[in-house]
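Here the structure comes first, spelled out in structure tokens, and everything after it is commentary.
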Amino acid sequence: MPTPATPVGGSSVSRNPFSVVLRAMVSCFGHQPPDKPDLSEDHKPSSSDYPKAVSYSSSSSTAASSTSGSIYGSSHGSSKRRSGRGIFVGGNSSAQAQPGSRKFSMREIHRATKNFSPTLKIGQGGFGTVYKGTLDDGMVVAVKRAKKSVYDNHLGAEFQSEIKMLAQIEHLSLVRFHGYLEHEDERIIVVEYVPNGTLREHLDCVHGNHLDLAARLDIAIDVAHAVTYLHMYADHPIIHRDIKSSNILLTENLRAKVADFGFARLGATETGATHVSTQVKGTAGYLDPEYLRTYQLTEKSDVYSFGVLLVEITSGRRPIEPKRGRKERITPKWAMHKFMDGDAVQVLDPNLSQSRATNVALEKILELALQCLAPTKEGRPSMKRCAEILWSIRKNYRELVSSDSLSQSEI
């Protein structure tokens with residue numbers, strides 16, 4: 001989880017060593033950010049987080065959902081947006097809950113977490129601490145508690161943004177929201193608990209066995225479906241702004257749940273509007289260079305981050321690896337050069353075995369990643385198109401695996 005950090009902006013940017021990494025990432029695809037970008041009211045990473053990708057995200061990601069329904073939710077037979085479960089937050093006021101969300105009492109939270117027992121602590125981030133809890137009805141949840149000592153307008157905005165976004169979404173591959181508490185200096189979000197860790201942890205083999213390519217394809221498709229839902233089928237278009245491997249949680253069956261909506265933002269809703277102008281927020285290594293350069297946020301900013309994620313899934317590497325040689329430190333740049341030079345196999349995670357099926361799928365995934373990483377939004381596919389392409393890649397991969405297995409059995 002990211003750690004608390006100080007703002008990045010003003011005259012300090014030019015002297016900030018982390019801005020050098022950002023500029024290197026942006027320049028990979030032909031654009032430079034402004035001389036003094038204000039990377040949100042955001043955060044400079046700690047040295048301990050830097051090798052894991054320079055994170056400007058402060059909210060935690062330790063829970064996810066398991067809901068029923070179609071690919072894009074429980075009631076989406078058409079592209080019409082449904083009515084959400086209803087929390088509406090305006091300005092700096094407290095969140096106002098509507099039917100369908102639950103406002104917990106402090107007594108319930110204390111019972112669920114055994115008075116915030118250290119033994120139930122499962123995560124720590126800039127936003128605060130996450131605990132495993134058990135509600136009175138036996139439901140196991142993740143309880144995300146904001147730090148009192150650092151609670152300010154910035155974190156308050158993140159808290160309200162996350163509540164608002166979580167309350168209006170419902171999808172098989174998105175974190176499921178159970179409720180919240182906002183009382184005096186306490187800000188708490190309660191979401192469903194998922195015990196199997198993050199995608200990043202699995203790519204690092206923290207949990208033992210590595211993910212095979214079939215599982216990685218399933219995960220990529222789950223994420224693509226989830227983000228497609230946010231862009232096209234929620235009440236209003238939602239831009240996640242922080243798609244990354246540490247915000248993707250895995251179930252026991254290794255299916256993906258996209259978590260952490262602290263940086264989420266409503267997309268353009270006015271007729272004819274093409275973008276939302278806003279300060280830059282996100283995680284270095286995943287940031288859309290066009291967004292970083294222009295401060296214009298669109299759904300295609302999530303597509304760019306998804307392209308980085310595809311490279312991460314196939315290579316096993318983090319987006320920024322400062323301990324590697326100069327040409328390999330920015331993973332997407334290195335991977336795309338290898339792919340365009342006809343040497344895609346060098347990108348493949350060493351934990352994955354090469355085969356005809358694997359090599360064909362790798363080429364196709366990197367081809368899609370290259371499209372997602374286009375320097376401008378016009379060159380990138382929609383998330384829906386990404387999901388369709390990945391579905392086709394998975395289908396072809398399974399057929400080749402089956403064919404190869406049959407051929408070997410006949411020998």
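The values are calculated or read from the model by the stated rules, or taken from the named source; none is laboratory data. Predicted model, so just to flag it, every value in this text is computed and none were measured. Don't worry about glycine lacking a Cβ; one is built from the backbone with ideal geometry, like all the others, and counts go over all protein chains shown.
Check the stretch 272-284 and report whether any residue there is at pLDDT 90 or above and either in the same structural domain as PHE306 (by TED's automatic domain parsing) or part of a loop (DSSP other than H, G, I, E, B) (or both). Checked against the condition, which is being at pLDDT 90 or above and either in the same structural domain as PHE306 (by TED's automatic domain parsing) or part of a loop (DSSP other than H, G, I, E, B) (or both), the stretch 272-284 yields at least one hit.
Condition first: polar (S, T, N, Q) and either crowded, with 18+ Cβ neighbours inside 10 Å or not assigned by TED's automatic domain parsing to the domain that holds PRO289 (or both). Now tell me which residues in the stretch 357-401 satisfy that.
THR358 - this is the single residue of the stretch 357-401 that is polar (S, T, N, Q) and either crowded, with 18+ Cβ neighbours inside 10 Å or not assigned by TED's automatic domain parsing to the domain that holds PRO289 (or both).
The residues of the stretch 222-253 that are assigned to a loop (DSSP other than H, G, I, E, B), within 10 Å of the chain's Cα centre (by Cα) and aliphatic (A, V, I, L, M) amount to a single one, ILE243. Residues satisfying the criterion are absent from the stretch 322-336 (criterion: among the charged types (D, E, K, R), within 19 Å of ASP218 (Cα to Cα), in a loop (DSSP other than H, G, I, E, B) and modelled with pLDDT of 95 or more).
Between LEU310, LEU287, the distinction of being within 15 Å of CYS372 (Cα to Cα), in a helix (DSSP H, G or I), in the same structural domain as ARG385 (by TED's automatic domain parsing) and of a type outside the set (Asp, Glu) belongs to LEU310 only. In the stretch 185-204, of all residues being surrounded by fewer than 22 Cβ atoms within 10 Å (Cβ to Cβ) and in a loop (DSSP other than H, G, I, E, B), the one that is modelled with the lowest pLDDT corresponds to ASP185.
Would you confirm whether any residue within the stretch 230-242 is more than 21 Å from PHE263 (Cβ to Cβ) and touching a residue at least 24 places away in the same chain (Cβ under 8 Å)? Scanning the stretch 230-242, I find no residue that is more than 21 Å from PHE263 (Cβ to Cβ) and touching a residue at least 24 places away in the same chain (Cβ under 8 Å), so the answer is no.
With the condition kept exactly as written, say whether any residue in the stretch 275-298 is in contact with a helix residue (DSSP H, G or I) (Cβ under 7 Å, 6 or more places away or on another chain), under 21 Å from ILE122 (Cβ atoms) and among the charged types (D, E, K, R). There is no residue in the stretch 275-298 that is in contact with a helix residue (DSSP H, G or I) (Cβ under 7 Å, 6 or more places away or on another chain), under 21 Å from ILE122 (Cβ atoms) and among the charged types (D, E, K, R).
When THR331 is tested against (1) touching a strand residue (DSSP E or B) at 6+ places or on another chain (Cβ under 9 Å); (2) farther than 15 Å from GLN346 by Cα, just one condition goes unmet, and that condition is (2).
Screening GLY208, GLY262 for residues that are over 15 Å from GLU170 (Cα atoms), surrounded by fewer than 24 Cβ atoms within 10 Å (Cβ to Cβ) and at pLDDT below 95 leaves exactly one candidate, GLY208.
Could you give every pair whose Cβ atoms fall below 9 Å, whose first residue belongs to the stretch 355-379 and is without any contact (Cβ under 8 Å) to a residue 24 or more places away in the chain, and whose second residue is of a type in the set (A, V, I, L, M, F, W, C) and assigned to a helix (DSSP H, G or I), counting only separations of at least 6 or pairs across chains? Close Cβ pairs satisfying both conditions: ASN359/ALA344; ASN359/VAL345.
In the set (1) within 16 Å of ASN247 (Cα to Cα); (2) outside the structural domain of ILE243 (by TED's automatic domain parsing), LEU203 fails one condition alone, (2).
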